[in-house]
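**Q** I'd like to ask you about the structure that follows.
The values are calculated or read from the model by the stated rules, or taken from the named source; none is laboratory data. Keep in mind that this is a model prediction, so the values were computed, not measured. Because the Cβ atoms are built from the backbone with ideal geometry, glycine has one as well, and the counts that use them run over all protein chains shown.
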């Protein structure tokens, strides 16, 4: 059995690390993302995801520059996303040090780009970011374009479509759970994990270490968080210690 992974997520707006609450990004946590990266290297995180949530496409150049700085201090796999609308920019991010590409809106608006990237760089390089939003009657639908546009498709069907287009991994988040401190969207997470044959990363809503365990029990191959890791010293080490105590097979570094 493959060991579970613990992933730290950095949400960047205009180059700064921000807190995310239901996809609103008003509180700056760190002004220099490289300092955060250094801390996570010491704290035994398995992977890092960095997302550009800036509303302006002009942020692409600055984001690529930040990725280059971050990657020089990152000693674990680095997945990056935001404003990847063409092959050239995807190549730029990979050349700057990214190992994986995280894409969201392109799965809706430009599926041919997904196919091209998957063929060019390999399925293992393509991470499908799936954001969902709860409807008025409790059903969940996929949202794209930084959560601003809802598509009348369930997260499960969207995940299946992502696999067919060439995704090698799913990064699943719920807008309703994002920053809400009530744990992952376990209902949709479990549906996706039980139905597809590629790794699934759970994200959105972690407030305590038990929430990570719940994500793993729902079938996630990796559990991710953002806000809690920024506000808790030695956070990822503490999270791994908790999961190990609960019997989870998770990667352990020599620092334990």
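**Q** For the stretch 115-189, list the strands (runs of 3 or more DSSP E) that sit wholly inside it and hold at least 2 residues that are in contact (Cβ under 8 Å) with a residue 40 or more places away in the chain and out of contact with any helix residue (DSSP H, G or I) (no Cβ under 8 Å at 6 or more places or on another chain); which are they?
**A** The strands (runs of 3 or more DSSP E) meeting that bar are 126-134, 169-174.
**Q** Which of the following residues is farther than 25 Å from residue 170 by Cβ and surrounded by fewer than 21 Cβ atoms within 10 Å (Cβ to Cβ): 85, 35?
**A** Criteria check complete, one pass: 35.
**Q** Further question on the same structure: Pairs please, first residue from the stretch 31-59 and on the phi > 0 side of the Ramachandran plot and outside any strand (DSSP E or B), second anywhere and surrounded by fewer than 21 Cβ atoms within 10 Å (Cβ to Cβ) and modelled with pLDDT of 85 or more, Cβ atoms under 7 Å, 6+ apart in sequence or on different chains.
**A** Listed pairs, sorted by first residue: 44/237.
**Q** So, in the stretch 190-215, how many residues would count as being in contact with a helix residue (DSSP H, G or I) (Cβ under 8 Å, 6 or more places away or on another chain), assigned to a loop (DSSP other than H, G, I, E, B) and within 19 Å of residue 161 (Cα to Cα)?
**A** Summing the residues that are in contact with a helix residue (DSSP H, G or I) (Cβ under 8 Å, 6 or more places away or on another chain), assigned to a loop (DSSP other than H, G, I, E, B) and within 19 Å of residue 161 (Cα to Cα) in the stretch 190-215 gives 3.
**Q** Here's another thing I want to ask about it. I'd like to check something: does the stretch 216-238 contain any residue that is touching a strand residue (DSSP E or B) at 6+ places or on another chain (Cβ under 9 Å), part of a loop (DSSP other than H, G, I, E, B) and more than 30 Å from residue 118 (Cβ to Cβ)?
**A** No, the stretch 216-238 contains no residue that is touching a strand residue (DSSP E or B) at 6+ places or on another chain (Cβ under 9 Å), part of a loop (DSSP other than H, G, I, E, B) and more than 30 Å from residue 118 (Cβ to Cβ).
**Q** Look through the stretch 1-26, keep the residues that are at pLDDT 85 or above and part of a loop (DSSP other than H, G, I, E, B), and return whichever of them is farthest from residue 83 (Cα to Cα).
**A** My answer is 3.
**Q** Checking the structure you have, find out if any residue of the stretch 93-112 is in a helix (DSSP H, G or I), free of Cβ contacts under 8 Å to residues at least 24 places away in the same chain, surrounded by fewer than 23 Cβ atoms within 10 Å (Cβ to Cβ) and over 19 Å from the mean Cα position of the chain (by Cα).
**A** Yes, the stretch 93-112 has at least one match.
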